[in-house]
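Asks: Starting off with a structure, shown below.
The values are calculated or read from the model by the stated rules, or taken from the named source; none is laboratory data. Since we're looking at a predicted model, the values are computed, not measured. All Cβ positions, glycine included, derive from the backbone under ideal geometry; neighbour counts span all protein chains shown.
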Ligand SMILES: [Ca+2]
Ligand SMILES: [Ca+2]
């Protein structure tokens with residue numbers, strides 16, 4: 001009888017520990033990529049999550065001098081697009097597979113030459129060109145002035161946040177819900193130390209989001225069009241964060257008002273303590 005109780009206790013402990021591991025695994029899954037652009041080594045800059053890295057192309061480098069960067073460095077994008085395709089930018093070694101899953105992308109951007117817009121300078125690009133909705137770009141729209149544009153294959157919308165290309169650092173956050181069409185995407189921007197603006201997307205385009213697997217590209221686009229080069233912006237990108245869920249507006253505002261911070265996660269230590277308390281509690285009940 002005693003042996004049976006001990007076996008049950010052991011099984012219960014194993015189950016609880018396994019649950020703990022599953023729980024912490026899913027919590028760490030929220031923020032899935034974080035490029036601080038603080039340093040480089042051998043032409044690569046590391047993702048602070050996991051072991052991935054981005055290879056720096058000819059149009060980008062790590063800059064450690066620009067004013068008000070977050071941490072020790074930022075990605076300097078030199079405005080020179082010489083390769084047809086994403087190779088001028090910083091390109092990750094691993095593919096991301098999003099398809100129609102929810103996501104949030106946040107980063108900071110600052111122009112090198114205030115009020116001189118890049119052509120189609122692209123801060124972030126992902127996916128491929130295989131079909132409708134498979135590409136995902138966040139960029140300037142130089143054809144319309146210094147504007148912010150979000151674009152997928154088959155849909156795009158240009159907005160006009162005030163002074164987006166001035167000398168200030170600008171926060172950008174883009175959210176995509178599950179199973180979204182283009183009109184469901186929201187984007188927000190705000191100058192450092194200011195107030196975060198409202199959702200800028202007024203598009204009613206119903207193109208489905210179906211981002212194809214591909215590397216993350218910073219400072220260039222996966223687009224390959226001989227007549228539309230100029231995808232490397234002239235400025236700086238800093239503190240890129242990618243979440244595999246749609247953050248709330250309050251969480252986004254927290255990232256905006258605390259540059260370089262990440263959305264807080266429940267403490268793993270706290271969960272471990274809770275799990276141990278449950279194990280001990282179950283043992284105490286058994287032996288009572
Ligand atoms: Ca940085
Ligand atoms: Ca290029």
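Asks: Condition first: in the same structural domain as residue 52 (by TED's automatic domain parsing) and over 21 Å from residue 110 (Cα atoms). Can you find one or more residues in the range 190-198 that meet it?
Replies: no
Asks: If you don't mind, another one. Quick check on this structure: which one of 90, 67, 54, 74 is within 14 Å of ligand 1 (Cβ to nearest atom), out of contact with any strand residue (DSSP E or B) (no Cβ under 7 Å at 6 or more places or on another chain) and modelled with pLDDT of 95 or more?
Replies: Selected residue: 67, the only one of 90, 67, 54, 74 that is within 14 Å of ligand 1 (Cβ to nearest atom), out of contact with any strand residue (DSSP E or B) (no Cβ under 7 Å at 6 or more places or on another chain) and modelled with pLDDT of 95 or more.
Asks: Quick one: which of 70, 62, 49, 105 is under 14 Å from residue 239 (Cα atoms), free of Cβ contacts under 8 Å to residues at least 24 places away in the same chain and in the same structural domain as residue 189 (by TED's automatic domain parsing)?
Replies: None of the other options fit; the residue is 49.
Asks: Quick one: is residue 224 away from ligand 1 (no atom under 16 Å from the Cβ) and part of a loop (DSSP other than H, G, I, E, B)? Step through it out loud before you land on a result.
Replies: On the way: away from ligand 1 (no atom under 16 Å from the Cβ): yes; part of a loop (DSSP other than H, G, I, E, B): yes.
Yes.
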